[in-house]
Structure formats: C-alpha cells, structure tokens
Amino acid sequence: MSDYLVKALAYGGFVRAYAVNATETISEAQCRHDTWNTASAALGRTMIGALMLGATLKGEDKMTVKIEGDGPADAIIVDSNGKGEVKGYIKNPHISLPLNQSGKIDVRGAVGTAGMFTVIKDLGLKEPFSGQTPIVSGEIGEDFTYYLAVSEQIPSAVGVSVLVDTDDSIKTAGGFMIQIMPGASEEIIDQIEERLKETTRISTLLDDGQTPEEILQSLLATTDVEFLETLPVQFKCDCSKEKFASAIITLGADQIQELIDQDHGAEAVCAFCNNKYKYSEDDLYELKQEILGE
Ligand SMILES: [Zn+2]
C-alpha cells in the first residue's frame, strides 16, 4: 500500500492542512464497482473528500457523506473513519459522459447541480451529528468547501481529483484540504488563495511523482509547515456473512421459508464493496430455527 494521508499545521498553527494520495484506494473502488470514467471520478472525488474529513475524527469515530443530486449518478454514498478507512458506492456506476468545455471529466454532469450534500458523523455520542447543505457545484470539491463553511463554520479550500486512464483504470487520485483557524490574518488567507489560483490539479501533481508532503508544502506557500502525522489509507468494508445473516433474520420465519421453497437459497450483495454472500437451504434453515428459538 502506498496510499497515505498527511496532516500538517502551518503559519504558527493558524492553518490546518491535509493531503492524500489515494490512487490504490480509488482503483480498488473502480474495480469493485466496475465504474466507468465519469462515475469513477464522481465516486473517487467523494471518497477522497470523505477520507480527509474522516481524518479530522478520532480513531473509532466514523462518518458518512451522501451526495444526492439530480444527475444520472443518482446517489453517492461513502463511509470513512478516523483510521483512514473508506468504502463507498455510486448508485449508477455506468456513466461515461463527453468531456466538459474545459476538456475535463464532466463530474457535474453526472452528479447534477441541484440536490443535497449530507454529512453524518457518529462520534460515539447518543445522537449522531448531521449537517446538510445544498449542492452548489456538482464538481464535489466545491461542495465539500461549501459544506465546511456553512455547516461547520470552517473556512476551507478542498481540492479532490481523479485522473482516469483511457482504459478506465485509475492513473492517480488524491486531494488536499486547507482549513483556516479563527484568528488567522488576512495576509495568510490572501497568500494561500493566490497560490491556490495558480495550482495544478493534485492528480496531475501526483502523476508527476510529487508526494503529499511536497504538494502541501507548495500549496501552503510557506516553508513553515509542521507535519504532524502520516495515516495509511485504504478501501475497507466491514461486511460479513454474519452481518447479512442478521439482516435475513429480520425478514421473519415465513419469509425465510419462502426463500427456501422458491429460491432454494439466498444471495446478499454488499452495496459498499460488491462482495457476495451465498446462503444455502441449510444456512437459511438454521437462521429460521434461530428465530423460532429451536
Ligand atoms: Zn462490504
């Protein structure tokens, strides 16, 4: 695994910054879901954003990002956590649109320009935290930026980018997130804004062989960068045959008997990772007995 995320502080702690190389992670999502190029970029960008937001959480805490727009993607659902793990899917993986006017993958065309951007954080408290903003761009990076500004009141710049090869495989994928802490001077903000305007896409920088550390150093326009932590990141799903068995049990004994009689078994497919779990007639019979308490 060469994928990792770096966390850093700059400008005497007034700026918090993250950068990630998620090429293998997004490649795995592309393979698992057989996404076509536009869908790969839409899902990949969402996963990269979720990885960076997830990196602001503590170890066991987890979160979900949902993008529900009016485009052909339908919905994009991504789970991440404070350990650098991410899983996700796009409801319609087979989207391949013509390039947009700037010659880039038309992610906005897949996501749409109207709809909701939702973040749900499970911080181990009684109630999960939930924040929602309208989709403002459909290009996803700007939607993360808008969500952070409006829902969490953190002025940020988020860049997420996926370079898809001509054979639909993922060439590079990565992103950055820069957050301005309260009390930061206008000078600092101006300096970073100016630099961001002239910055090339992060997937191109990764393709040129730059590391997340080098990218952050250059984005922050200062040598005063303190790297705090390196977090390995990966595609990871926590589904199992047992977990889906619990879902089958909730169908009830009669329904399970129907599966035995009519289908002679059952198959569950995990939406997040596409793993398939097969249940034989004997498996189903056992689950039914569990319900009946025998
Ligand atoms: Zn799974």
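Quick note: the coordinates plus some simple rules give every number you see, no bench work behind them. Note that the coordinates shown come from a computational prediction; the quantities given were computed from them, not determined experimentally. Neighbour counts run over all protein chains shown; Cβ positions are idealised from the backbone, glycine included.
Peptide packing: for 56-63, 143-150, the average count of neighbouring Cβ atoms within 10 Å per residue gives the ranking 143-150, 56-63, highest mean first. Give the calculated FRET efficiency between Asp208 and Thr230 to the nearest 0.05, with a Förster radius of 22 Å applied to their Cβ-Cβ distance. Step by step, r from the Cβ atoms, then E = 0.60.
For the chain, the Cβ-based charge dipole about the Cα centre amounts to some 440 debye (Lys, Arg positive; Asp, Glu negative; other atoms uncharged). As a rough guide to protection, the peptides 234-242, 37-45 ranked by mean Cβ packing within 10 Å, highest first, stand as 37-45, 234-242. Angle, helix 23-33 long axis vs. longest principal axis of the chain, Cα atoms, 0 to 90°, nearest 10? That helix lies at roughly 30 degrees to the long axis.
Among 125-131, 214-220, sorting by the average number of other beta carbon atoms lying within 10 angstrom of each residue, highest first, gives 214-220, 125-131.
Other residues lying with their Cβ under 15 Å from the Cβ of Ile120 contribute a combined charge of -1, Lys and Arg counting +1, Asp and Glu -1. Excluding same-chain neighbours fewer than eight residues apart, the lysines reachable from Lys91 by a Cα-Cα span under 27 Å are Lys62, Lys66, Lys83, Lys104, Lys121, Lys171, Lys236, Lys241, Lys243, Lys276, Lys278. Helix 141-151 and the longest principal axis of the Cα set of the chain meet at an angle near 90°. Expressed as a whole percent, the proportion of Cα-Cα pairs in the range 14-99 lying more than 22 Å apart is 25%. Each other residue within a Cβ distance under 15 Å of Ile202 adds +1 if Lys or Arg and -1 if Asp or Glu, for a net charge of -2. The spacing between the range 159-225 and the range 18-34, judged by their C-alpha centroids, is 18 Å.
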